[in-house]
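Visitor: Pasting in a structure now, in structure tokens, and then I'll have a few things to ask.
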Amino acid sequence: MSDFRFPSGFRDAIASALPEQSSQHGEALGHGQLYLPVAHVKALDPNTMVVVGMRGAGKSVWLTALQDSDTRKWLGTPIGIDDTTIVTVGFKERPEGIDAFPTKDALVALIKENEPRLIWKTLVYRQVIRKDAPQAFLRLKTWGDRVRWVTENPERVDEGIFQQDQALQAKRRFHLVLFDALDRTADDWKTMNRLVRGLLQVVLDMRAYKRIRLKVFLRPDQISDPEVRGFPDASKLLDGKESLNWSQRDLYGLLWRYLANGTESGDVFRRGCQKIVPKAKWANDFFGDYEVPPLLNQDEETQTEIFHAITGPWMGRDQRRGFPYSWLHGHLCDVHNMVSPRSFLAAIRHAALDRRDDHDFPIHFESIKLGVQAASRIRVEELEEDFPWMKELFKPLRGMNVPCPLEAFEEKWIASKTLESLKATAVRHPQRIELGSVGILNDLLDLGFVEQLKDKRINLPDVYRVGYGLGRKGGVKPLKTRE
């Protein structure tokens, strides 16, 4: 066990190395910030066509990274692609012009007159055939006309895709068509579910080809609905899905990657790690950035020693309050024990921004608690982008303590007429709202936002509880306001 500790002034370098924004929305990360967890290797393989991840798990990050030829070269050995792989985007949050792929409004208009499966098949056909498509198709200027042409010419379409696949096979190249942000395809559950189901049907059909691959990034709730999964052989596709999971080791490995390559933090962090673990050698990767030595990524005891050289060994004056390495993870995870890397980095950055003089380490244990508060606020704001009804649902619960019976929530919702208001709103409301409080509870349970204890009481993980202003005996203090 090393006695080394990072100097207290290192806190500023930590804050500068970590991202300021709470949401990436598909923005490209620097190569020195990309980290490939072992669990993501199979997810990025071309033959994995459905990839599932919670908000902030990296869906949009990988969609953007896969479009960069240099990054594909860096990723290529483990996942089976390289810089010769053709990558196009079938749908994402940031539009690239109506001619690249249909916008949300265009999709909503198309679905009124066309089968969703044929809408997506048209898009895929145009992506993979490109300039080799028949002139009759190339001359078409609207998506409505293109979908009608594909619908009326099924044999020509199938033959064209087959020939393109054969050409790719001869060159030993893949063509990946990527889909992300499918929750932005519609404003209501029914339309979104129909579109997701139609796309998954096309993905299943495309499995027959050798070199044309679709890769769809989805949230877990988007494939849990029976309406989405209810088509023949759906299990063959969905049983092969991979998840963008982050283990505790990977989260700290990601943090080391940021600190090792930070302009202000890099030299100090690498030298400090060398003193703690002399046999861990730093080397440059494909881009000339520092690759974190395997021992620092894979061994939790080593990671604990490094993190505690930044925070100190305890979450209080002694070990009875817990240990920062595991405490932070435990207070950021949802009921499925999953932590968003975005929340994790946000918590550490905000902790590093808090200055305290009564501590011999860069980050004080009380600062870590403030970091959890900040991460929780960011987390609930992100969730409300995906589920707008969450804000109104939890607003009347502010100030309550959990765990508590469902009836305690129900009383607040009745008094504030929350359910009536949600039913009347134009935005997507809880899918099972017609079943009342029990239906909403089941939605929250499925989404991993709450857990039901053995005695039937309802509890919220700290990563949501704190941001929504609910208390818990002995827990991190809730935020008083969201402003």
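Visitor: Return the residues of region 230-245 that are closer than 22 Å to Leu445 by Cβ and either buried (at least 17 other Cβ atoms within 10 Å of the Cβ) or modelled with pLDDT of 90 or more (or both); say none if nothing qualifies.
Guide: Correct list: Leu238, Lys241, Ser243, Leu244, Asn245.
Visitor: I need the full set of residues from region 421-456 which are of a type in the set (Val, Ile, Thr), in contact (Cβ under 8 Å) with a residue 40 or more places away in the chain and open to solvent by less than 50 Å² (accessible area, probe 1.4 Å), in order please.
Guide: Ile440, Val450
Visitor: Something else: Please specify each residue of region 20-37 satisfying the condition of being more than 20 Å from Asp285 (Cβ to Cβ) and modelled with pLDDT of 80 or more.
Guide: Scanning region 20-37 gives a single hit, Glu20.
Visitor: Ok, one more. Can you name every residue in region 450-482 that is under 25 Å from the mean Cα position of the chain (by Cα) and either acidic (Asp, Glu) or at positive phi (or both)?
Guide: If the condition is that a residue be under 25 Å from the mean Cα position of the chain (by Cα) and either acidic (Asp, Glu) or at positive phi (or both), then Glu451, Asp462, Gly469 are the ones that fit.
Visitor: Moving to a separate point now. Identify all residues within region 62-79 that are out of contact with any helix residue (DSSP H, G or I) (no Cβ under 9 Å at 6 or more places or on another chain) and either assigned to a helix (DSSP H, G or I) or at pLDDT below 80 (or both); write none if there are none.
Guide: Leu63, Ser69, Lys73, Gly76, Thr77
Visitor: Here's something else I'd like to know. Considering only region 81-97, state which residues are touching a residue at least 24 places away in the same chain (Cβ under 8 Å), over 25 Å from Asp183 (Cβ atoms) and surrounded by 15 or more Cβ atoms within 10 Å (Cβ to Cβ).
Guide: Passing the criteria: Ile81, Thr85, Ile86.
Visitor: Within region 403-420, identify whether any single residue is within 27 Å of the chain's Cα centre (by Cα) and surrounded by fewer than 21 Cβ atoms within 10 Å (Cβ to Cβ), and answer yes or no.
Guide: No, region 403-420 contains no residue that is within 27 Å of the chain's Cα centre (by Cα) and surrounded by fewer than 21 Cβ atoms within 10 Å (Cβ to Cβ).
Visitor: Going by what's in this entry, would Asp221 be described as of a type outside the set (Val, Ile, Thr), over 23 Å from Gly80 (Cβ atoms) and in a helix (DSSP H, G or I)?
Guide: Judged against the criteria, Asp221 is a match.
Visitor: Suppose we filter Ser343, Ser326 for residues that are closer than 13 Å to Gln373 by Cα and of a type in the set (Ser, Thr, Tyr); which single one remains?
Guide: Of the residues listed, the single one that is closer than 13 Å to Gln373 by Cα and of a type in the set (Ser, Thr, Tyr) is Ser343.
Visitor: For region 327-350, how many residues are small (Gly, Ala, Ser) and either part of a loop (DSSP other than H, G, I, E, B) or touching a His at 6+ places or on another chain (Cβ under 8 Å) (or both)?
Guide: 1
Visitor: What is the residue count in region 269-303 for residues that are surrounded by 17 or more Cβ atoms within 10 Å (Cβ to Cβ) and either of a type in the set (Val, Ile, Thr) or part of a helix (DSSP H, G or I) (or both)?
Guide: 11
Visitor: Being among the aliphatic types (A, V, I, L, M) and within 22 Å of Gln127 (Cβ to Cβ) is the filter; apply it to region 213-229 and report the residue that is surrounded by the fewest Cβ atoms within 10 Å (Cβ to Cβ).
Guide: Result: Leu218.
Visitor: Which is of a type outside the set (A, V, I, L, M, F, W, C), in a loop (DSSP other than H, G, I, E, B) and farther than 23 Å from Arg377 by Cβ, of Lys480, Lys454?
Guide: The unique qualifying residue is Lys454.
Visitor: Give me the residue from region 38-61 that is part of a loop (DSSP other than H, G, I, E, B) and open to solvent by 40 Å² or more (accessible area, probe 1.4 Å) and, out of that set, nearest to Lys210 (Cα to Cα).
Guide: Once the filter is applied, the top-ranked residue is Asn47.
The values are calculated or read from the model by the stated rules, or taken from the named source; none is laboratory data. Keep in mind the model is a prediction, meaning the values are calculated, not measured. Don't worry about glycine lacking a Cβ; one is built from the backbone with ideal geometry, like all the others, and counts go over all protein chains shown. All accessible areas refer to the heavy atoms of the entire protein, side chains included, with ligands and DNA or RNA removed. Shrake-Rupley method; radii C 1.70, N 1.55, O 1.52, S 1.80 Å.
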